[in-house]
Amino acid sequence: MAETTTGTTEGVTLEHTPTWIVAVVCSVIVAISLAVERILHYTGKYLKKKNQKPLSEALQKVKEELMLLGFISLLLTVFQVRIAKICMPPSWAVHMLPCKKETSATTTAGETTAHYQTSFSSFVFGTGRRLLSSSTDSGYCENKEKVPLLSTEALHHLHIFIFVLAIVHVTFCVLTILFGGAKIRQWKHWEDSISKDKYDPDEVLKPKVTNVRQHAFIRDHFLGMGRNSAVLGWLHSFVKQFYGSVTKSDYMTLRLGFIRTHCRGNPKFNFHKYMIRCLEADFKKVVGISWYLWIFVVIFLLVNINGWHTYFWIAFIPFILLLAVGTKLEHVITQLAHEVAEKHVAIEGDLIVQPKDAHFWFSRPRIVLFLIHIILFQNSFEIAFFFWIWVQYGFDSCIMGQVGYIIPRLVIGAFIQVLCSYSTLPLYAIVTQMGSSFNKAIFDEHIQEKVVGWHQKARRNKGLRAAANGSSNVGSTDGSTVGIQLGKVTQKESAMEEGKAQAVEPSST
């Protein structure tokens, strides 16, 4: 009788499971879930208390991803038995395999290895489904002389992979933003020196003539004129992203160009604080897993075929994209320097660059953020896949591949994470401000809310007047009303915070 009980332990249902075991397991699961929920809740309250709305929205995005992950988990759990009972002809199961089909000579060894790996997986992830219903599912299809579409065990492994991918992606994005933000905060002493002692923006208005090529910004980026200058410019941009991607002369010149274009009425505008707000606002877009990224996951899983070494070659996609993005961002700075140097020999006043969208791919600076999103996700996919295979099947698994392919993938992944954090992301934060328009983060949070409120009120008034008068000749009300009220609010808030009536007067082109 004892032998029978031991042999059927894996198949015991709740009807014959001690209630104290059920209660303990449920208590542990509920306690962990509530702890995570409370941590996220209090983190959100703390961010709101500190007026960190962009980071609060990013946290909300993480909650949405966790909810999506939970729904995927629910679907896989509910339909796992039904999926395992979908049968197909055996000939369909021998194509596009990630590993070679084991021969009869190696079946015993394969079964031993599979048993060890399943036991290790059960210890790490708490899985015990392999013996629970795999025999039943295979027997169901064997009776029809077919094979299951996807076994319960394979379905559960896929479930774990999706979970690991989501966690690794969110973790890597957070680390990238933290390290990149730390690098950008090192520029704060430049902002302080510019706005206080070492640099007075009012000096811009004083007439002084200087040779353009004597400026440090031009010396660092202007490589002469002619056909070779374009090639040298790209090579210089490629190399510069690896060291000193943003210098003090770069920061001072780009900051002044932004202020003279978008905030001409406030020469002491805090450009550094504005960049931080923009970066925090963009974080919520980077941390999520968009629908097209899930398509990438499906494609990557599809082409994981034995002998193709797919994941080795895929590792080069984010690597090449990252180098291209970093080179392009550096080249935008070089283009700004060349524009000034080619047009002027000497200038009156300080060196002013002209921000415009034409310097970016397809005249759209936001494409850079889209590419960074893809880079971080693909790199996360590589690392998550590696650790999932290592824990689930072992380092010697055929899916893992040869050591000669594994080591370069890990090196490339680490290189991407470091370069993106300390070079590409800071470059993105400052260079994308060199577009023709500015980000709404240029205003403080309370000013943004009032501007949006006036804009909505103006649109409602426009609709009411059009309905009352039977005409649409009230188009000027929208823009003019918002502009007038924006000027009043900006002036009022600036007077309250800085003690003087000097407002931000942006002019988007």
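The values are calculated or read from the model by the stated rules, or taken from the named source; none is laboratory data. The structure presented is a predicted model; accordingly, all values stated were derived computationally and were not measured. Heads up, the Cβs are rebuilt from the backbone with ideal geometry, glycines too, and the neighbour counts pull from every protein chain shown.
Of all residues in region 271-326, how many are hydroxyl-bearing (Ser, Thr, Tyr), free of Cβ contacts under 8 Å to residues at least 40 places away in the same chain and part of a loop (DSSP other than H, G, I, E, B)? Spell out how you get there, then give the answer.
We begin by selecting, within region 271-326, every residue hydroxyl-bearing (Ser, Thr, Tyr); these are 274, 290, 292, 310-311.
Next, from what is left, pick out any that are free of Cβ contacts under 8 Å to residues at least 40 places away in the same chain: 292, 310.
With part of a loop (DSSP other than H, G, I, E, B) added as a condition, the list becomes none.
The qualifying residues number 0.
For region 318-330, the condition holds for no residue, the condition being that it is basic (Lys, Arg), under 18 Å from the mean Cα position of the chain (by Cα) and surrounded by 18 or more Cβ atoms within 10 Å (Cβ to Cβ).
Condition check ((1) closer than 25 Å to PHE172 by Cβ; (2) charged (D, E, K, R)) across all residues:
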| residue | (1), (2) |
| --- | --- |
| HIS272 | no, no |
| ARG277 | yes, yes |
| PHE283 | yes, no |
| VAL303 | yes, no |
| ASN306 | no, no |
| THR310 | yes, no |
| PHE319 | yes, no |
| THR334 | no, no |
| VAL340 | no, no |
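Please go through region 345-377 and pick out each residue that is part of a loop (DSSP other than H, G, I, E, B), in contact with a Lys or Arg (Cβ under 7 Å, 6 or more places away or on another chain) and modelled with pLDDT of 85 or more.
Our first condition is that a residue be part of a loop (DSSP other than H, G, I, E, B); within region 345-377, this holds for 345, 349-356, 360, 364-366.
Restricting the remaining residues to those that are in contact with a Lys or Arg (Cβ under 7 Å, 6 or more places away or on another chain) gives 349, 352.
Scanning region 345-377 gives no hits.
Considering only residues that are hydroxyl-bearing (Ser, Thr, Tyr) and buried (at least 18 other Cβ atoms within 10 Å of the Cβ), which ones fall in region 262-297? Spell out how you get there, then give the answer.
Our first condition is that a residue be hydroxyl-bearing (Ser, Thr, Tyr); within region 262-297, this holds for 274, 290, 292.
Hit for region 262-297 is TYR274, nothing else.
Of all residues in region 39-56, those being closer than 17 Å to VAL287 by Cα and either part of a loop (DSSP other than H, G, I, E, B) or at pLDDT below 75 (or both) number 5. Restricting attention to region 87-97 and to residues that are modelled with pLDDT of 80 or more and surrounded by 13 or more Cβ atoms within 10 Å (Cβ to Cβ), the residue that is farthest from VAL303 (Cα to Cα) turns out to be CYS87. Of GLY233, GLY181, GLY226, all but one fail to be at pLDDT below 70 and over 15 Å from LEU351 (Cβ atoms); the exception is GLY226. Only one of the listed residues (THR210, THR136, THR152) is modelled with pLDDT under 85 and in contact with a strand residue (DSSP E or B) (Cβ under 8 Å, 6 or more places away or on another chain). That residue is THR210.
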